[in-house]
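Q: Have a look at this one.
The values are calculated or read from the model by the stated rules, or taken from the named source; none is laboratory data. Only a predicted model underlies this, so the values are computations on that prediction, with no experimental measurement involved. Heads up, the Cβs are rebuilt from the backbone with ideal geometry, glycines too, and the neighbour counts pull from every protein chain shown. In case anyone asks, the SASA skips ligands and DNA or RNA and just uses the protein heavy atoms, side chains included. Shrake-Rupley method; radii C 1.70, N 1.55, O 1.52, S 1.80 Å.
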Amino acid sequence: MKDLANESALHTADATTVEEGLAIQEEQAKYDDDFATTTAMSDTLLTPRFYTTDFEALDSIDVSPVRAEWDALIAQMVSDPNKGHFKKNEDWDDVDWDGMEPQLKKEFIDFLISSCTAEFSGCVLYKEMKRRGNNEDITQLFQLMARDEARHAGFINDALREAGLRVNLGFLTQNKKYTYFRPKFIYYATYLSEKIGYARYITIFRHLEKHPEHRFHPIFKWFKEWCNDEFSHGEAFALLMKTDPKLTQGLNVYWIKFFLVAFCATMYVRDHQRPAFHAALGVDPDEYAHEVFRKTFEIARQVYPITLDIDHPRWQPALERLQKANEDLAKATEQGRFLRKIEAQMRAGLAFASLMSIPAIRRDTLENVRLEPAY
């Protein structure tokens, strides 16, 4: 297969705007593989979604209450410390895709396609806000975040191309189903997505620093800078939430709890679908999940007034019941067994309700919102 990156002076890692990065990927789309794009197009509870929202409401945000921290964050993002980073160099090892254990190859490709779709989902949302808005503070922020997410998606596509695959990102933009979320739900969901992304990637990166024998693919070497981008994006949404104290008070605290539980549950179930992937990394999925949860919750003190009690005696059993119900649901769906499917959905719902019923832990938020990556 042709390596377009070696034939062209342009690369998504060097793009300074989201428009430039997407134009490069449109040119590369001629090498797309239908399997990767079809997988990215799937729409289930566990697959990344594309979102749309009330862009006029976002455009009306006044960042004056957090101006000093806002300007510092924007200046950091404008300096673009990761420009040129997300592309193959001499540290990129050759990958024996043909010799890779089949189940590991299947799960790793699924991980890459899911990650690419998730990164590009953010790019699409941020780019649309930049296009529609007139508020210079908000449009600048979303332009910078869209630039970063386009780079990440392009880098994953580079890795997929070595396996003969590529996600057609332009096709996804035009054809994937969009889910409408109110702005406050976008804040809660995107903040957690970015911070959990940071916690996931830095946990894997630090583990592989200590155990390089488990680094079965070179893309893991890029996780530190990658997760630092995720961290900065989460900082932006923390500041957005701080512009309106009502977003983290009253009944909205229950919405925060819902999103915390939903993200933890989704991550747990999804990761347990990839046993060969985690075995190759030398990671126990249960231990990894709880390490990610703890890091995420500690970071989220900057803005969220509650955390989840993951040491509660009902927490782990409920996660395990949810994971088993999801397995049974997938089998029943594949076999066309309607009653088994309904029964599995009910068990999943009860397990999720059990997680939601565990009392949250109240805590004080941090006085200064801005944080720096510390793990």
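Q: Report the calculated FRET efficiency for LEU339 and PHE185 (r = Cβ-Cβ distance, R0 = 41 Å), to the nearest 0.05. Spell out each step's value before the answer.
A: Numbers: r = 33 Å, r/R0 = 0.81.
Computed FRET efficiency for LEU339 and PHE185 comes out at 0.80.
Q: Give me the percent of accessible area attributable to carbon and sulfur for the chain, probe 1.4 angstrom.
A: Working: 8790 of 16960 Å².
C and S fraction of accessible area: 52 percent.
Q: Compactness ratio of region 185-323: Cα Rg over 2.2 N^0.38 Å, N = residue count? Walk me through the intermediate numbers first.
A: Numbers: Rg = 15.7 Å, N = 139, 2.2 N^0.38 = 14.3 Å.
Ratio of Cα Rg to 2.2 N^0.38 Å: 1.09.
Q: Between the alpha-carbon centers of region 216-280 and region 117-188, tell me the distance in whole angstrom.
A: For region 216-280 versus region 117-188, the Cα centre distance is 16 Å.
Q: So, one more: Give me the accessible area per residue for the chain, probe 1.4 Å, as a whole number in Å². Numbers along the way, then the final one.
A: Values: 16960 Å² over 375 residues.
Here the residues of the chain average 45 Å² of exposed surface.
Q: Here's something else I'd like to know. Using just the helices of the chain, give the 222 nm mean residue ellipticity in deg cm²/dmol: DSSP H runs with n ≥ 4 each add -39,500 (n - 2.57), and the total is spread over all residues, rounded to 500.
A: Numbers: 15 runs with 235 residues, N = 375.
Result for the chain: -20500 deg cm²/dmol, rounded to the nearest 500.
Q: Using a Gaussian network for the chain with springs between C-alpha atoms less than 10 Å apart, which of these wobbles most: ARG314, ARG337, ARG362?
A: In this elastic network of the chain, the residue with the biggest mean-square fluctuation among ARG314, ARG337, ARG362 is ARG337.
Q: For THR190, what accessible surface area do you get with a 1.4 Å probe? Give it in Å², rounded to 10.
A: THR190 has an accessible surface of roughly 20 Å² with all protein chains in place.
Q: Which value in nm describes the separation of the simple spin-label points at LEU350 and TYR375, placed 7 Å from the Cα toward the beta carbon?
A: 3.3
Q: Here's something else I'd like to know. Have a look at PHE220, PHE352, PHE171 and tell me which one the Gaussian network model of the chain (Cα, springs below 10 Å) gives the largest fluctuation.
A: Greatest mean-square fluctuation among the candidates belongs to PHE171.
Q: For ASP148, what charge total do you get from the other residues with a beta carbon under 11 Å from its beta carbon, if Lys and Arg give +1 and Asp and Glu give -1? List each step's numbers first, then the result.
A: On the way: positive: LYS83, ARG147, ARG151; negative: ASP80, GLU119, GLU149, GLU194, GLU225, ASP229, GLU230.
Its environment carries a net charge of -4.
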